[in-house]
1. Applying the selection to region 45-72, what residues are modelled with pLDDT of 90 or more and either among the aromatic types (Phe, Trp, Tyr) or over 15 Å from the mean Cα position of the chain (by Cα) (or both)?
2. Looking at region 65-76, which of its residues are surrounded by fewer than 19 Cβ atoms within 10 Å (Cβ to Cβ) and not hydrophobic (A, V, I, L, M, F, W, C)?
3. List the helices (runs of 4 or more DSSP H) inside region 71-121, counting only whole elements, that have at least 1 residues being touching a Phe, Trp or Tyr at 6+ places or on another chain (Cβ under 8 Å) and under 21 Å from ASN11 (Cα atoms).
Amino acid sequence: MTICLDSEVQNLLAAWGHWVLADGTGLGYTSPMARLIREHVGERSKTRTTIFITDDQALRVENLITTLCQYKPVEGKVLQLRYIENMSDSAIAKYYLTPLKYGEDSTKKVSAYQAAKHIANAEGFVAGFIISEIRKEIGNL
């Protein structure tokens, strides 16, 4: 049995992004991160499909993202831009990474490849943490 962990992590993060923005839609918990981010989320051109995630699962993912933001703030922010604000690699590179690296007035630009690299690193962190939790659970059986 082969499991594609990358797509599983991406689906989990997408569901978490929906959960963060779903304030007031019947979920039993309001995300603290949603309160911080909600003011900064602009109008989206892409529609989102509903992905189910329990409050407990979403809180576990949120704790992972919070930990990631503490140790790797750029990767944490890029992950939030991708899965909460639904930004593309090129938009993340243009509106977040380029001003961060070169300043607002620079003519230099960060490539979408660099944004994708940051996203992949952040997703790898989440995947690694999930694997370590599974190993802990198996060890406690």
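The values are calculated or read from the model by the stated rules, or taken from the named source; none is laboratory data. Given the structure is predicted, the values throughout are model-derived calculations rather than measurements. All Cβ positions, even for glycine, are placed from backbone atoms using ideal geometry, and neighbour counts span all protein chains on display.
1. Passing the criteria: only TYR71.
2. Our first condition is that a residue be surrounded by fewer than 19 Cβ atoms within 10 Å (Cβ to Cβ); within region 65-76, this holds for 66-67, 69-74.
Correct list: THR66, THR67, GLN70, TYR71, LYS72, PRO73.
3. Qualifying helices (runs of 4 or more DSSP H): 73-83, 89-92.
Okay, residues lined up against (1) acidic (Asp, Glu); (2) over 15 Å from the mean Cα position of the chain (by Cα); (3) closer than 30 Å to ALA22 by Cα; (4) surrounded by fewer than 17 Cβ atoms within 10 Å (Cβ to Cβ):
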position: SER90; (1), (2), (3), (4): no, yes, yes, yes
position: LEU100; (1), (2), (3), (4): no, yes, yes, yes
position: GLU104; (1), (2), (3), (4): yes, yes, no, yes
position: THR107; (1), (2), (3), (4): no, yes, no, yes
position: GLU123; (1), (2), (3), (4): yes, no, yes, no
position: GLU133; (1), (2), (3), (4): yes, yes, yes, yes
